[in-house]
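**Q** My questions will all concern the structure given below.
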Amino acid sequence: PIHIPDLIQPHGALLSLTDCSELRIVQCSANVHELLGIEVNALIGQSFSKLIGDKYIQEFRDIVPPNYNLPKLHYVDLSIEVRGELCAFSCVIHRSEGLLILELERSLVEEQMDDWMNMNLLRSSSH
């Protein structure tokens, strides 16, 4: 996980989302293009569904409801289409100053995904 501002590792990216029903992307790290294949300017202001697909926003919300008091760190697996290929990501989610902060890294082990999007709660941590 990133956890230290200005020290985003090249194999990870950071997204900040509004914590409302729309889940708008309001900030992202400069390296998001290398990881996700989408330019920063194309993501800012867009719904998170641009990455995970409209039909999976509700699944994400079931795991991370608006204003839900998350444990300090919340771990989730996400599948995101990158340059036409389905890629597995490990994601750490936490809240900061009214935003959802998502730290994304490519999963170390790429698993076959049955669906375009496969989201599983891995674990929650109060650390």
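The values are calculated or read from the model by the stated rules, or taken from the named source; none is laboratory data. No experiment lies behind these values; they were computed from the predicted model shown. When the accessible area is computed, the model is the full protein with side chains, heavy atoms only, and any ligands, DNA or RNA have been set aside. Shrake-Rupley method; radii C 1.70, N 1.55, O 1.52, S 1.80 Å.
**Q** Taking H as built 1.01 Å from N, whose amide H comes closer than 5 Å to the amide H of Leu73, not counting residues under 5 places away?
**A** Ser125, His127
**Q** Please list His94, His74, His33 from largest to smallest accessible area, probe radius 1.4 Å, with all protein chains kept in place. Walk me through the numbers on the way to the answer.
**A** On the way: His94 40, His74 10, His33 60 Å².
Highest to lowest solvent-accessible surface, that is His33, His94, His74.
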